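First the structure, in the form of structure tokens, and then the observations on it.
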Protein chains: 2
Amino acid sequence: MASSQNDRSEGSGLKLDEFLCFAVYSANHAFNRVYQPLLQKLNLTYPQFIAMIVLWTEDNLTVGELGGKLFLQTNTLTPMLKRLEALEYIERRRDGTDERQVRIKLTTKGRKLQAKASDIICSVRSATELEDKQMAQMVRDIGALRHSLAGHGRS
Amino acid sequence: MASSQNDRSEGSGLKLDEFLCFAVYSANHAFNRVYQPLLQKLNLTYPQFIAMIVLWTEDNLTVGELGGKLFLQTNTLTPMLKRLEALEYIERRRDGTDERQVRIKLTTKGRKLQAKASDIICSVRSATELEDKQMAQMVRDIGALRHSLAGHGRS
DNA sequence: TTATAATATGTCGCATACGATATAATCGCT
DNA sequence: AGCGATTATATCGTATGCGACATATTATAA
């Protein structure tokens with residue numbers, strides 16, 4: 001019959017496992033799944049945690065500057081930053097010189113999180129099962145990939 | 001004063017650019033941004049496209065089997081598959097032998113998409129600016145990373 | 001056999017991401 | 001000075017992902 005239960009047509013030479021995009025896609029989910037339960041102790045989501053890493057390094061950024069570092073736009077960041085503000089980890093305040101800009105400042109509470117984050121970062125680092133050298137190389141390679149993809153179509 | 005405009009405290013040795021998780025996170029977004037406008041012609045989102053790649057390779061999978069290949073759960077897949085069904089790219093039907101299972105079958109319309117997808121895949125492949133060898137190596141490395149992260153905590 | 005456990009899928013709430021669009025502030029040009 | 005263009009942020013709608021939970025079907029065991 002035409003619609004037997006077991007007809008699995010091998011239709012193409014395209015196998016998902018050979019797609020770089022899928023490797024990145026699924027690895028990103030895997031990171032999320034490792035981080036998420038660890039970050040619950042800090043009341044942070046994984047994207048929020050990444051934003052906090054930036055702020056721990058450089059405080060008092062505008063929303064746009066933060067977005068530049070995260071490769072995210074303000075329509076994504078604004079709601080996230082409002083949640084971080086509700087948690088009292090950051091403050092959002094209009095810049096006095098240019099009222100269009102909103103500056104993000106860590107609160108004391110937000111700054112204190114950094115110590116607890118270190119343990120989590122170490123845990124995840126060990127979960128990757130990579131040597132420092134290999135990890136650094138992957139960071140460079142994947143960063144270059146991101147750059148190529150972002151520059152795609154640019155002059 | 002305590003709250004000058006320009007106080008940017010260099011607070012830590014943690015730089016976002018050195019995080020493997022962020023490299024993966026931002027590369028994933030970059031892939032999404034390259035694919036998304038190309039996929040609009042097919043009325044597919046990027047995750048939908050990835051699911052279709054699996055179905056083009058192996059038809060008549062259950063929701064669970066598809067999820068196993070995508071590393072996604074049914075609570076994510078069910079709504080997506082309903083949208084693909086609404087687009088008439090797939091059909092969802094309960095398995096006669098085991099009524100718990102839902103089998104996903106490509107429609108003719110869905111099968112036809114594959115030809116158009118090839119061009120898009122080629123475009124993105126060239127946007128990565130990687131040689132075949134390098135790309136294959138990255139796929140292996142990132143796949144191994146995903147595997148390590150997924151196995152984290154298992155016996 | 002029949003109550004209970006296990007399995008497969010689905011629903012709901014929440015938090016991203018992003019395109020399209022809105023709003024407000026500043027800039028640039030005359 | 002003033003007005004149109006630009007810039008910075010925010011709002012809205014849609015589509016993921018996932019935890020928690022609900023439902024239905026099948027398997028298992030007393």
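At-a-glance table
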| quantity | calculated |
| --- | --- |
| A:Arg92 vs. criteria in contact with a helix residue (DSSP H, G or I) (Cβ under 7 Å, 6 or more places away or on another chain), surrounded by 12 or more Cβ atoms within 10 Å (Cβ to Cβ) and among the charged types (D, E, K, R) | yes |
| Qualifying residue in the range A:80-87 (condition: in contact with a strand residue (DSSP E or B) (Cβ under 7 Å, 6 or more places away or on another chain), farther than 30 Å from B:Ile121 by Cβ and touching a residue at least 24 places away in the same chain (Cβ under 8 Å)) | yes |
| Extreme residue, farthest from DNA strand C (Cβ to nearest atom), among residues of the range A:63-84 that are open to solvent by less than 10 Å² (accessible area, probe 1.4 Å) and within 11 Å of B:Leu16 (Cβ to Cβ) | A:Leu66 |
| Where a residue in the range A:22-45 is facing another protein chain (nearest Cβ under 7 Å) and in a helix (DSSP H, G or I) and its partner, wherever it lies, is aliphatic (A, V, I, L, M) and within 13 Å of DNA strand C (Cβ to nearest atom), with Cβ under 7 Å and at least six apart | A:Val24/B:Val24; A:Val24/B:Ala27; A:Ala27/B:Val24; A:Asn28/B:Val24; A:Phe31/B:Val24 |
| Checklist (1) over 28 Å from A:Ala30 (Cα atoms); (2) within 11 Å of DNA strand D (Cβ to nearest atom); (3) open to solvent by less than 20 Å² (accessible area, probe 1.4 Å) applied to B:Leu87, failing item | (3) |
| Tally of residues being polar (S, T, N, Q) and within 12 Å of B:Gln48 (Cα to Cα) across the range B:71-120 | 2 |
| Residues of the range B:84-99 satisfying the condition of being more than 18 Å from B:Pro47 (Cα to Cα) and part of a helix (DSSP H, G or I) | none |
| Those residues of the range A:46-62 which are more than 7 Å from every other protein chain (Cβ to nearest Cβ) and open to solvent by 20 Å² or more (accessible area, probe 1.4 Å), in sequence order | A:Pro47 |
| Some residue of the range B:115-133 being among the small types (Gly, Ala, Ser) and buried (at least 18 other Cβ atoms within 10 Å of the Cβ) | yes |
| Qualifying positions in the range B:28-45 - open to solvent by 20 Å² or more (accessible area, probe 1.4 Å), away from DNA strand D (no atom under 12 Å from the Cβ) and either of a type in the set (S, T, N, Q) or in contact with a helix residue (DSSP H, G or I) (Cβ under 6 Å, 6 or more places away or on another chain) (or both) | B:Leu38 |
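The values are calculated or read from the model by the stated rules, or taken from the named source; none is laboratory data. This one's a predicted model, so the numbers in the text were calculated from it and none came from an experiment. So basically every Cβ, Gly included, is an ideal-geometry build from the backbone, and we count neighbours across all protein chains shown. Protein only, heavy atoms only, side chains kept; ligands, DNA and RNA dropped before computing areas. Shrake-Rupley method; radii C 1.70, N 1.55, O 1.52, S 1.80 Å.
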